[in-house]
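Notes for the one structure printed next.
Values quoted throughout were computed directly from the atomic coordinates according to the rules given, and no laboratory measurement underlies them. The structure presented is a predicted model; accordingly, all values stated were derived computationally and were not measured. Counting neighbours? That spans all protein chains shown, and the Cβs are built from the backbone with ideal geometry, glycine included.
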Amino acid sequence: MNPIRKRRVFSILFVLLFSVSGISLILYSLNSNLDYFFTPTELKDRNIPSEKRIKVGGMVLSGSVERASSKISFIITDYENSVKVVYEGIVPDLFKEDSGVVVLGVLRNKTIYAEEVLAKHDENYMPPNIEMNNDN
Amino acid sequence: MIKKFIHQFASPKTYLYQVDRFYSYIFLFSIITYIISITWGLLYTPEDFVQGNSYRIIYLHVPASFLSQSLYIAMAISSVTYLIWRVKLAAYLVIAIAPIGAMTTFIALISGSIWGIPTWGTWWQWDARITSTLILFIMYLGLISLHNSFSNHEKADKLLSWLVIVGAINIPIIKKSVDWWSTLHQSASITLTDKPSIDPVMLYPLIGSITGFFGLVICLVLLSSKYQIFIREKNKSWVKDYV
């Protein structure tokens, strides 16, 4: 390779190295602030002031869903810790026990009063008959 | 010999004639693959066990998202080629790919939003995957308008190539966003290392639709690069002969 091209290669590598390290430092310092939601364990470990709007995500604990007219309450768990959620409104069609959920709301007396409930879909795609076979 | 081959191919004239030679075959292959896979995916695969019929949007969303990132990588490779070897064709390719990349990113964002309404219960959330894809879309638009704002083509090419290389950092961030942070968007169903978490009956039409879409987008890139060659080399005698 001739010296001019060699110099160009080095300057490209140099620019890449600098921008990669810059971006990594930014991402590293933002760290968990880029998380879309807290897990119940993170919620327990951090002192979150009440009345602050937060997002909490995890799985809906099976058998925890209680409905009374338009009110619904359930428990979000990450299988280590869990937190109770109270919500008034319509939940997405994909909301069900043992599947992913993300709620936005305020924490008051260890209960989340949610304004918004979103279903989180996982990466599994399969036809219904296969799931039935797995259950049997 | 390789060097000679590359030199020949890198001349816009040879490239143009080679594109014309292969274009119709690529187009025919991809359109047939795409139509078969889409029909198969939309009509002949079973419903998903939780999402029902709404999952079928993956036959558009996944190819578009895949291409939006692949096209950026192609732009970055062309940029490096241009900056090191000053191959003019590589510079034409960078600016030829940009609008098509913007288009596929747009399709990915829109189809994801449409899927989000029945699945998540929202069409937009600022999670890491969605936001980084939006940044990719804005980057494509920014690169295009930057290139257009110069009257000196060579200056524009150089600046564009440098920016494309710097912006390439966003690609691994998009790819890994679902693993590094907790996101509303699910993690990848198809990976190189693990067994796909999508059932084979749904996977085969998906692979077909990715292949078909890929080919159709390649065709667009070929046309768009032809257009760039015409604009940039319009004073050359061979272009006049060709037209």
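Observations
- Single match in A:34, A:30, A:25, A:94 (criterion: within 14 Å of another protein chain (Cβ to nearest Cβ), loosely packed, with under 11 Cβ neighbours inside 10 Å and of a type in the set (A, V, I, L, M)): A:25
- Some residue of the range A:58-66 being among the acidic types (Asp, Glu), under 25 Å from residue B:126 (Cβ atoms) and over 16 Å from the mean Cα position of the chain (by Cα): no
- Residue identified as among the hydroxyl-bearing types (Ser, Thr, Tyr) and free of Cβ contacts under 8 Å to residues at least 12 places away in the same chain among B:191, B:119: B:191
- Flag if residue B:209 is over 30 Å from residue A:25 (Cα atoms), part of a helix (DSSP H, G or I) and more than 9 Å from every other protein chain (Cβ to nearest Cβ): yes
- For the range A:11-27, the count of residues that are outside any helix (DSSP H, G or I) and of a type in the set (Phe, Trp, Tyr) is zero.
- Only one of the listed residues (B:4, B:13) is surrounded by fewer than 20 Cβ atoms within 10 Å (Cβ to Cβ), touching a residue at least 40 places away in the same chain (Cβ under 8 Å) and out of contact with any Pro (no Cβ under 6 Å at 6 or more places or on another chain). That residue is B:13.
- Within the range B:222-240, the only residue that satisfies the criterion of being surrounded by fewer than 19 Cβ atoms within 10 Å (Cβ to Cβ), under 17 Å from residue B:78 (Cα atoms) and of a type in the set (A, V, I, L, M) is B:223.
- The range A:59-87 - residue that is in contact with a helix residue (DSSP H, G or I) (Cβ under 8 Å, 6 or more places away or on another chain) and not small (Gly, Ala, Ser) and, of those, farthest from residue A:105 (Cα to Cα): A:80
- Sole exception among (1) β-branched (Val, Ile, Thr); (2) touching a His at 6+ places or on another chain (Cβ under 9 Å); (3) outside any helix (DSSP H, G or I) for residue B:178, by number: (3)
- Set side by side, the residues B:155, B:176 differ, and just one is among the charged types (D, E, K, R), within 14 Å of chain A (Cβ to nearest Cβ) and out of contact with any strand residue (DSSP E or B) (no Cβ under 9 Å at 6 or more places or on another chain), which is B:176.
- Test: residue B:225 is touching a residue at least 12 places away in the same chain (Cβ under 8 Å), within 9 Å of chain A (Cβ to nearest Cβ) and in a helix (DSSP H, G or I): no
- Only listed residue being away from chain A (no Cβ under 14 Å) and under 30 Å from residue A:91 (Cβ atoms), chosen from B:89, B:43, B:60: B:60
- Checked against (1) over 16 Å from the mean Cα position of the chain (by Cα); (2) surrounded by 15 or more Cβ atoms within 10 Å (Cβ to Cβ); (3) among the small types (Gly, Ala, Ser), residue B:78 passes all but condition (1).
- Cβ separations smaller than 7 Å between residues 6+ apart or across chains give the following pairs from the range A:40-57 residues that are closer than 18 Å to residue B:181 by Cα to residues that are surrounded by fewer than 20 Cβ atoms within 10 Å (Cβ to Cβ) and among the aliphatic types (A, V, I, L, M): A:54/A:48; A:54/A:107; A:55/A:104.
- The number of residues in the range B:104-126 being over 22 Å from the mean Cα position of the chain (by Cα) and within 16 Å of residue B:177 (Cα to Cα) comes to 2.
- Annotation: of all residues in the range A:1-10 being assigned to a helix (DSSP H, G or I) and more than 8 Å from every other protein chain (Cβ to nearest Cβ), the one that is nearest to residue B:164 (Cα to Cα) is A:10.
- Residue within the range A:54-71 that is surrounded by 11 or more Cβ atoms within 10 Å (Cβ to Cβ), within 14 Å of chain B (Cβ to nearest Cβ) and either of a type in the set (Lys, Arg) or touching a Cys at 6+ places or on another chain (Cβ under 9 Å) (or both) present: yes
- Residue list for the range B:186-221, filter: polar (S, T, N, Q) and either surrounded by 18 or more Cβ atoms within 10 Å (Cβ to Cβ) or over 24 Å from residue B:25 (Cβ atoms) (or both): B:186, B:187, B:189, B:191, B:193, B:197, B:209
- Listed conditions (1) surrounded by 15 or more Cβ atoms within 10 Å (Cβ to Cβ); (2) assigned to a helix (DSSP H, G or I) are all met by residue B:172, apart from (1).
- The range B:16-59, subset charged (D, E, K, R) and over 23 Å from residue B:219 (Cβ atoms), residue surrounded by the most Cβ atoms within 10 Å (Cβ to Cβ): B:48
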